[in-house]
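These notes concern the structure reproduced below.
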Amino acid sequence: MTKQILLFAPVLLLWACGDSSSDSVGTSPIQAAEIIPFTDSRDGQVYKTVVIGSQTWMAENLNYETKGSCCVRCAEMKTVNVNYAPGGYFTQSYCAKCAEYGGRLYTWDVATTACPSGWHLPSQDEWSTLFNAVKLGDPLAHIDTRLKSTTDWNNYGNTDDFSFSALPVGYSGISVGPYGSGDCYNHEGTGDYAYFWSSTEVDNLTAYYMYLSKYGNAAISTFDFGKSSGFSVRCVKD
């Protein structure tokens, strides 16, 4: 089994927001989001989607099984015999079915092609557009609380005003086995962080990602993680 190791990149924090306080006079009211179902024709999975500003986003993490992805939580394990020549056969367990919670985590290379037809991995600029839409003209708005789910986080006060419902599934390394997808290893940050890939590269080792934290941060960054890291994927409509 080959392990893809987390790579560490130089600090390059582009844009952070939501650290300050909130209600401003004259900002636009928050409208209740309309949830629209979308069925992925590749595997029949149904995702909630939501319109935020000028964009249509998946309101759930992608859960499409492909090589270079791993389960956040496994619903069904299977055991197989694998021939590792010249040592012979060994018994190995793997996740045969992901739990619905949190979707899957993906390496960057896989994430760039994982979204279904008509959808794509958002660019750095598209994440910035989402941040601006969520602020509703209030420069002091708490972007993080407006995007986070109201459950599972190790902090309080999240409002999920736009039904984006970001879950704190953390991040992981991904071990790639002979069955297509892999296993998560060194999984950290559950309850504290949500990480989402962007399609925008920095170089052959790093790419931009969006993250939310329990500490009140919402940012687009390249700090600490390389393309082999396992992050969540949110698809945006073409």
(request) Name the long-range amide H neighbours of Ser229: under 5 Å, sequence gap of 5 or more, or other chain; modelled H, no Pro or chain starts. (result) Leu7, Trp108
(request) Rounded to the nearest 0.05, what FRET efficiency do Asp109 and Leu140 give with R0 = 41 Å and r taken as the Cβ-Cβ distance? Could you check? (result) 0.65
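Please say if segment 103-216 is rounded, prolate or oblate, where rounded means a/c under 1.5 for a ≥ b ≥ c the square roots of the C-alpha gyration tensor eigenvalues, and otherwise the choice is prolate for a/b larger than b/c and oblate otherwise? Display every interim value, and only then the final one.
On the way: a/c = 2.09, a/b = 1.40, b/c = 1.50.
In terms of gyration-tensor shape, oblate.
Just so you know, all these numbers are worked out from the coordinates, no wet-lab data involved. Everything numeric in this text was worked out from a predicted model, so none of it was measured. No Cβ is skipped: glycine too gets one built from the backbone with ideal geometry, and neighbour counts run over all protein chains shown.
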